[in-house]
Every structure is written in structure tokens, then in C-alpha cells.
Amino acid sequence: MIVANTDPRDRVILGIETSCDETSAAVVSGTPSHPVLRSLVILSQDVHRLFGGVVPEIASRQHLTGIVPTVRAALAEANVTLRDLDAIAVTHAPGLVGALLVGTSYAKALGYASDVPVLPVHHLEGHLFATLLEQPDAAPPFTALLVSGGHTLLLDVPEWGTYRLLGQTRDDAAGEAFDKVAKLLGLPYPGGRPLEELARTVTSSTIRFALPMVRKNAEPGDEDYYDLSFSGLKTAALHAVRKAEQGGSFDAQRAEIARAFQDAVVGTLVTKVERAARQYRRSRVVLGGGVACNVALVQGIRERLAARGGSVFAPSPRLATDNAAMIAAAGLFRFDLGERAAPSLTAQASLPIPGLVPA
Ligand code: KG4
Ligand code: ZN
């Protein structure tokens, strides 16, 4: 049984996340501004490495076999039973629809059978809450950068539930670009981490790529002021790889290409984050998504923000990548707003983050 709650507003939320290739469940208790992580189980579907990317059909099937033991393990680790739960928060959008359906169907069935309300949570709102589980100051107002394999978004967050979308990628997500360039360099999937490790083996690079979507005289209101794009950079990396191969220097230049690519991604993201923090006068920046594991990115933003007295909050790798703890934490916030899922709740492959306001 759960330990006695100290605050009458304390809740106990089970989170479920199955939007892509992690089957995850977690228990979070506390209040929306002070969520406490009680347990987190993440079953990563390593099978996709064999295919060099996530295969949706396989992901759904693996969620089906993994969901029950994952939820049971999360409840047991937190030492709670279904009766202790105030709600079950589940990712219902966006993501792979077959994968999302496993989580939403299971959450609805579990909620119905145990008489616990179900809460739909938007995956990207979850990413915004991840850092709060570790750092209580990672709270609005802040500038947010969400960078994962599927999304690249720059947001201004004046308060929880109000999200000003400043910019997003026009083509590849940042993580997708890392994965594709890593593949060109002969690195395994997912390629972000191995590419970062390869880039770290050199201190600088003789190769330099232009920062994508960074124009010196750009001003707020210009379309490219906040927007991002990585496909041109990916092509530039491809040309550099071909040139090195033709010159017989691929092995010698791999690390330099990795370094030049990473420097360009980081340079662009740092520039856009700084612009947003400056325009909206935010002293805090919160990062989320798998690419937030990139040490060079976090350091780059930290150094640029430090010059104007700002603080940067990045989740630890376990909470940066997809996980159910962030879904439960966002669920805690949505629960206190009185939100509950209708019985007709279903999965949606794409859906804007709730609470979007114009920039
Ligand atoms: O958030 P996430 O786990 O899943 C999605 O929602 O996509 O992010 C996975 C992405 C992959 O593209 C992976 O290559 C990238 O995050 N990633 C990194 C690093 N660690 C993971 N990218 C750059 N540097 C890293 N250290
Ligand atoms: Zn994600």
C-alpha cells in the first residue's frame, strides 16, 4: 500500500507510454508543481536496430507483449496497487497510430475494470514535464526546445498549459538528421550517441558546414527567424562523405565530418534558443527529447545563456528519451484541471499540442 500522503492535493498517477519504440510505465505522485517519481520501467525495443529504423508493425506487436508486465513492474516498484491510483495517464497522440492504440486501449480497459479515470496526454507536453521530475526549478516561464527523432520544436511557455509555438523543422527532425548522417558514417542505429562519441574524438574540424536557417539580419517576424531545417545539412554531409570516399580518406575524415555536422546542428539550435529567450525575456531554458542527451548541445546552450544570466535545464538521458514518467507528470497537471478521457478516446497519429497560442 502507498505511504500516507502529506498533502491533501497529492495524487498518485500511473503513466503509460507506447507512442514509438519504448513500452514504458511509471508511477508519479505529488502535486503538479512537485511531481515525485516513484517508479519507472522502460522496455526498449532493440529489434529495430536490425532494420536501421522503427518498423511500425513490429513496434505494435512488441508493445502488445510488453505492456502488461511493464505496468505490473511499475506498480510493484512503486509499491502501489490499482486501488491507490487517482488516474491512469496515457499518451494518445502523436506517434505511430498502431503503437499508440496499444497504450490507449490498455489504459481504457484497465481504467474501466478498476474504476480509475483515464487521462489522455499529448506526448510533447510530456517531454516538457520530464525535467521537472528532477529539477523543481524547471518550471514556467521558460523557453523550450524539444528535439527528438520525430520532432523539433521551439516553444515559449509562459505557464503550464499555454504553449506558444515559435518554430519547428520544415523537413527532418534533429534526431532523424543525426540518425541519417550516422548511417552515412557507418554507425549503428539510433545514431545520435555514436555520432556524438565519434565527434568527440577530434577537437575541431577542417570541414565546416553552414548553419542551416541562420541568416545574420533575420528579425522576429521573419519566417526563418525561428524555423529549422536539417535536410540541406544532411545533403552537405553526404557530399563530404562522397568526396572523402573518392579521395580515399573516408576513415581519416569520418570523425571530422561527424564533428562538423554536430557543430552545425548545435550552432543552429543555440542561435534559435537564444533568440527566443531574448525576445520573450526568459531566463530559463528547458530541453527535452532524445537529442537533449547531446552534451555538446546542452553545453552550447548553457554557455550562450550564461552570458545573459540564464539557466538551462536538461533531463537525464532516461527522462530525455521517451518514457512514461513524463506522461504521468503531465497527467498530474491535467488531472487537477479536471480533465478526463471520454470512453471514445482513441489514438491520433498527429495532433497539435493542447493550449497552443499564436506567437
Ligand atoms: O525522444 P527519443 O527517444 O524518441 C523520439 O521520440 O524520437 O529520441 C530519439 C532520438 C534519436 O534520433 C537518437 O539518435 C537521438 O534521439 N539521440 C541523440 C543522442 N542520444 C539520442 N542525438 C544526438 N546526440 C545524442 N547524444
Ligand atoms: Zn518523444
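The values are calculated or read from the model by the stated rules, or taken from the named source; none is laboratory data. Note that the coordinates shown come from a computational prediction; the quantities given were computed from them, not determined experimentally. Methodologically, a virtual Cβ is constructed for each residue, glycine included, from the backbone with ideal geometry; neighbour enumeration extends over all protein chains shown. Quick note on the areas: whole protein, heavy atoms, side chains included, nothing else; ligands and nucleic acids left out. Shrake-Rupley method; radii C 1.70, N 1.55, O 1.52, S 1.80 Å.
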_Residues satisfying the stated conditions in the stretch 141-177, i.e. outside any strand (DSSP E or B), open to solvent by 40 Å² or more (accessible area, probe 1.4 Å) and more than 9 Å from ligand 1 (Cβ to nearest atom)_ = Pro141, Trp160, Arg170, Asp171
_I need a count of the residues in the stretch 266-293 that are in a helix (DSSP H, G or I) and either within 16 Å of ligand 2 (Cβ to nearest atom) or under 18 Å from Ala218 (Cα atoms) (or both)._
17
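Name the one entry in Val147, Val121, Val181 that is assigned by TED's automatic domain parsing to the domain that holds Glu197 and within 27 Å of Val357 (Cβ to Cβ). Walk me through how you get there before you give the answer.
On the way: Val121 fails: assigned by TED's automatic domain parsing to the domain that holds Glu197; Val181 fails: within 27 Å of Val357 (Cβ to Cβ).
Checking each option against the conditions leaves just Val147.
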_Answer residue from the stretch 44-98, given it is modelled with pLDDT under 95 and hydroxyl-bearing (Ser, Thr, Tyr) and is nearest to the chain's Cα centre (by Cα) among those_ = Ser44
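Select, from Ala113, Ala138, the only residue that is more than 9 Å from the chain's Cα centre (by Cα) and crowded, with 24+ Cβ neighbours inside 10 Å. Before you say what the answer is, go through the steps one by one.
Working: Ala113 fails: crowded, with 24+ Cβ neighbours inside 10 Å.
One residue alone meets the criteria, Ala138.
Looking at Ala292, Ala314, Ala306, which one is modelled with pLDDT under 95 and either buried (at least 21 other Cβ atoms within 10 Å of the Cβ) or more than 21 Å from Val181 (Cβ to Cβ) (or both)?
Ala306
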*From the set of residues in the stretch 118-160 that are within 16 Å of ligand 2 (Cβ to nearest atom) and of a type in the set (Val, Ile, Thr), which is farthest from Lys272 (Cα to Cα)?*
Val121
*State whether one or more residues within the stretch 185-198 are buried (at least 18 other Cβ atoms within 10 Å of the Cβ), modelled with pLDDT of 95 or more, of a type in the set (A, V, I, L, M, F, W, C) and farther than 23 Å from Phe51 by Cβ.*
no
*Taking interchain pairs and intrachain pairs at least six residues apart, which have beta carbon atoms under 7 angstrom, with the first residue in the stretch 157-168 and in contact (Cβ under 8 Å) with a residue 60 or more places away in the chain and the second among the basic types (Lys, Arg)?*
Gly167/Lys272
*Pairs with Cβ under 7 Å, 6+ apart, first in the stretch 16-27 and closer than 19 Å to Ala76 by Cα and in the same structural domain as Ala93 (by TED's automatic domain parsing), second assigned to a strand (DSSP E or B) and among the basic types (Lys, Arg)*: Val27/Arg38
*Which of (1) of a type in the set (Val, Ile, Thr); (2) under 24 Å from Lys180 (Cα atoms); (3) surrounded by 15 or more Cβ atoms within 10 Å (Cβ to Cβ) does Val47 not meet, given it meets every other one?*
(3)
*Options Ala87, Ala74; residue that is in contact with a strand residue (DSSP E or B) (Cβ under 6 Å, 6 or more places away or on another chain), closer than 18 Å to Val121 by Cα and open to solvent by less than 10 Å² (accessible area, probe 1.4 Å)*: Ala87
